[in-house]
Amino acid sequence: MAQFPALPLWTDAYLADTKHLTTLEHGVYLLLLIAMWRAGGSLPNDDRKLARFAGVQTNQWFRIRPTMMEFMRVSVDGLSISQGRLSDELQYVRDHAKKQASNARTRWQKDTVPPASVQQRHSESLNSSDAIPLKDKETGDATASVWQCQTDAPTPTPTPNIETPNGVFPETGVSGMPAKASPGKRKSYPDEFEQAWKAYPTTANMSKAEGHKAWARLDAEDRTAVAKAIPGFVAYCKANPDYPPIYFERFISKRRFDGFAGTSAAAEKVETRADWLKRLNYARDTRRWDEANWGPAPNRPGSRVPGELLQVGDGTGWLSPVAAAA
């Protein structure tokens, strides 16, 4: 049996981050998480082994692998994979178990007496008229050794604070659940990183600590480039709601921010579904299409209008403002 048999699962956060998965992908993802938890936080980065862990054929695994790997983090040497939130929970459980063992060890060393003395004192207390009831004693004799301490996983970290507004923590993902928790004092980060982290579309599965490690490896020029690229990436995610944001550390380490460099200034101009519907409704009423700003009219070469929004006859007889004036 695994050292930590209980895998904490934030159901709200899980559903928020996996709503785009198919039934098969849900099953594969959960089996990988369970196997990863039992294995100590990571699995070998081997497609055949991962397919066996997930209980699917190798060809099935290769089809869904890109989707699954969006949730995973590959080690620096490329030999293993892990999952950010699971690693944080596992570390919390380990720290909790060590604390329990340390407390038991302290009690054991302080209060332990030879077995014969324990039996002798017990007999004396039964025969004594002034014996102190156990419930009235300040402390009792330790009866457990270090190896007898339980290491079951505690309540998933951290326990919700009902005094916070709406039960929401300061650092949360899109699901409203804590993005990261660490035992003891919360770790502080540089202001420059904090601003980038808050601007990035994070989810509860993302590890802030791992994101900071990747950030710390950048030079000043690249950090500036990341900060400028984030608004463009946020706009891209809003325009493509089915696209799950990648982990912040992968956005940095894989230099995904290079692809969004220079898009920040035009972030507000990203054309969304609502924008196209507004333009189409205007054109249907007025029979005019602003090609200078919207590109070619529907059903014409180079048109950027999403095909699923078009109706029969859209674009036919529509004039641009310049042509209409002529």
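The values are calculated or read from the model by the stated rules, or taken from the named source; none is laboratory data. The shown structure was predicted, so the numbers you read here are calculated from the model rather than taken from an experiment. Here the Cβ positions follow ideal geometry from the backbone for every residue, glycine too, while neighbour counts run over all protein chains shown.
Tabulated data
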read-out: In region 11-27, the residues that are out of contact with any Ser or Thr (no Cβ under 9 Å at 6 or more places or on another chain) and not polar (S, T, N, Q); value: Lys19, Leu24, Gly27
read-out: Among (1) modelled with pLDDT of 90 or more; (2) over 17 Å from the mean Cα position of the chain (by Cα); (3) surrounded by 14 or more Cβ atoms within 10 Å (Cβ to Cβ), the one test that Tyr236 misses; value: (1)
read-out: Residues (at pLDDT 90 or above and either over 26 Å from Lys254 (Cα atoms) or among the β-branched types (Val, Ile, Thr) (or both)) located in region 31-53; value: Leu31, Ile34, Ala35, Arg52, Phe53
read-out: Check on Gln57, modelled with pLDDT of 90 or more, over 22 Å from Ala6 (Cα atoms) and over 20 Å from the mean Cα position of the chain (by Cα); value: yes
read-out: Hey, Asn166 of a type outside the set (D, E, K, R), modelled with pLDDT under 85 and either assigned to a loop (DSSP other than H, G, I, E, B) or under 26 Å from Ala261 (Cβ atoms) (or both) or not; value: no
read-out: Any hit, region 23-33, residues being outside any helix (DSSP H, G or I) and of a type in the set (S, T, N, Q); value: no
read-out: Residue pairs meeting the criteria (Cβ under 7 Å; at least 6 apart or on separate chains; first closer than 17 Å to Met69 by Cα, in region 194-211; second assigned to a loop (DSSP other than H, G, I, E, B) and β-branched (Val, Ile, Thr)); value: Thr203/Val174
read-out: Which numbered condition Lys19 fails, given (1) under 17 Å from the mean Cα position of the chain (by Cα); (2) closer than 22 Å to Arg65 by Cβ; (3) surrounded by 14 or more Cβ atoms within 10 Å (Cβ to Cβ); value: (3)
read-out: Criterion (assigned to a loop (DSSP other than H, G, I, E, B), touching a helix residue (DSSP H, G or I) at 6+ places or on another chain (Cβ under 9 Å) and among the aromatic types (Phe, Trp, Tyr)) met by exactly one of Phe53, Phe71, Phe62; value: Phe71
